[in-house]
Amino acid sequence: MKIRLRTIAIALACAAAAAWAFVYSGRYNIAATVQHTEPVYRLLDYVMRRSVKLRTGSAQPPDLADAQRIRNGFRLYRAKCLQCHGAPGIAPQDFALGMTPAPANLVATAREWPAAEIFWVARYGIKMSGMPAWQYRLSEREIWDVVAFVKALPTLSPTDYERWNDRPPAPATASPADALSAESATLGDPKAGRRAIDQHLCATCHRIPGITGAIKDVGPPLNGIGTRKYIAGVLPNNPANMIRWLRHPKQVDPLSAMPDLNVQDKDARDMAAYLYTLKDLD
Ligand code: HEC
Ligand code: HEC
């Protein structure tokens with residue numbers, strides 16, 4: 001028994017060393033011009049499908065045949081999805097042709113996937129694939145609108161799509177997140193704030209405790225921001241000013257290198273709540 005355990009331990013150690021040696025050697029080619037091998041691709045695709053299915057749950061889609069919904073979905077699809085996924089008669093943009101994995105043609109997806117799964121992927125995105133999460137950019141209703149349009153894709157010929165293109169644009173529906181008053185300064189939920197920070201490129205410029213990969217110094221580090229006197233050296237540090245800064249840094253300081261990241265009101269409140277948990281300087 002003892003010997004067997006030792007043999008297993010040695011075998012595991014050898015396997016780990018071999019794996020590390022392979023990684024360290026740089027032999028794995030990460031170039032996007034080289035496709036995944038068939039087994040790796042099949043495995044990753046299967047992992048993705050199972051993961052989506054597990055998380056979709058039993059939420060009932062709204063009425064996806066509604067004409068107004070499909071029309072609004074078309075407008076959003078053209079603005080947010082067309083560049084990568086193309087449309088009947090329209091190729092994706094050149095950058096999308098260079099992506100690995102290549103963005104799927106959604107006509108096939110619309111035929112094969114239940115609407116709720118398309119909704120899930122559009123809302124939460126797919127890690128390590130280039131498929132963005134739209135949760136922080138589109139409201140739930142808007143994502144259902146896009147899904148309604150995607151579901152209608154298989155019925156559209158290139159000529160149909162062109163005709164849609166020529167129609168006057170449907171009026172934009174305001175997203176409910178914007179309807180919240182920007183006046184009151186109530187903080188949101190710090191946990192949601194941490195996720196929202198992860199979804200707005202904050203980590204590409206700031207050191208932020210608790211955020212994976214947030215180790216860059218383009219802007220000031222945010223440790224201890226909860227106890228600092230000023231925000232960006234100009235605004236007294238209080239919740240109202242913090243929310244304002246996160247939403248409209250350019251309004252506060254037109255010369256600031258911090259860009260306006262289109263942060264929604266609710267997300268700014270959640271982010272601010274998280275930032276106020278950062279009290280320590282290290
Ligand atoms: C920056 C490029 C990009 C944009 C923009 C984009 N996607 Fe994707 N999408 C991808 C990539 C890459 C994948 C993963 C590869 C794949 O399976 O297609 C993907 C996968 C998907 C899938 C799973 C398809 C399948 O059969 O595997 C759906 C559904 C989807 N995207 C919907 C959308 C919708 C809806 C939008 C617009 C709101 C959108 N995507 C915008 C790149 C993009
Ligand atoms: C392109 C880089 C960049 C991105 C992305 C960015 N910031 Fe900044 N941020 C800066 C810079 C530069 C400053 C300093 C601005 C100044 O003093 O005018 C700053 C200042 C700040 C401050 C005030 C810090 C202090 O010490 O007073 C906070 C808080 C902040 N950013 C939070 C965020 C959050 C949260 C996000 C994501 C929503 C974010 N930033 C995204 C560059 C960035």
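The values are calculated or read from the model by the stated rules, or taken from the named source; none is laboratory data. Quick caveat: nothing in here was measured; it's all calculated off a predicted structure. Reconstructed Cβ throughout: ideal geometry from the backbone, glycine too, with neighbour counts over all protein chains shown.
Restricting the search to the range 138-170, which residues are part of a loop (DSSP other than H, G, I, E, B), of a type in the set (A, V, I, L, M, F, W, C) and within 26 Å of the chain's Cα centre (by Cα)?
LEU138, ALA170, listed by residue number.
Quick one: which of PRO132, PRO62, PRO114 is surrounded by fewer than 18 Cβ atoms within 10 Å (Cβ to Cβ), within 17 Å of VAL150 (Cα to Cα) and either in the same structural domain as ALA196 (by TED's automatic domain parsing) or in contact with a Ser or Thr (Cβ under 8 Å, 6 or more places away or on another chain) (or both)?
Unique residue meeting the criteria: PRO114.
Could you please find all residues in the range 226-275 being more than 24 Å from the chain's Cα centre (by Cα) and assigned to a loop (DSSP other than H, G, I, E, B)?
Result: ARG228, LYS229, ALA232, GLY233, VAL234, ASN237, ASN238, ASP253, PRO254, LEU255, SER256.
Would you say ARG49 is in the same structural domain as MET131 (by TED's automatic domain parsing) and touching an Asp or Glu at 6+ places or on another chain (Cβ under 9 Å)?
Yes: the conditions hold for ARG49.
Return only the number of the condition from (1) within 16 Å of ligand 2 (Cβ to nearest atom); (2) closer than 16 Å to PRO61 by Cα that GLU142 does not satisfy.
(1)
Checking MET128 against (1) more than 20 Å from ALA79 (Cβ to Cβ); (2) modelled with pLDDT of 95 or more, only one condition comes out false. Which one?
Only one criterion is unmet by MET128, namely (2).
Is it the case that some residue within the range 65-86 is surrounded by fewer than 14 Cβ atoms within 10 Å (Cβ to Cβ), over 14 Å from ALA148 (Cβ atoms) and either near ligand 1 (Cβ under 8 Å from one of its atoms) or among the polar types (S, T, N, Q) (or both)?
No, because not a single residue in the range 65-86 is surrounded by fewer than 14 Cβ atoms within 10 Å (Cβ to Cβ), over 14 Å from ALA148 (Cβ atoms) and either near ligand 1 (Cβ under 8 Å from one of its atoms) or among the polar types (S, T, N, Q) (or both).
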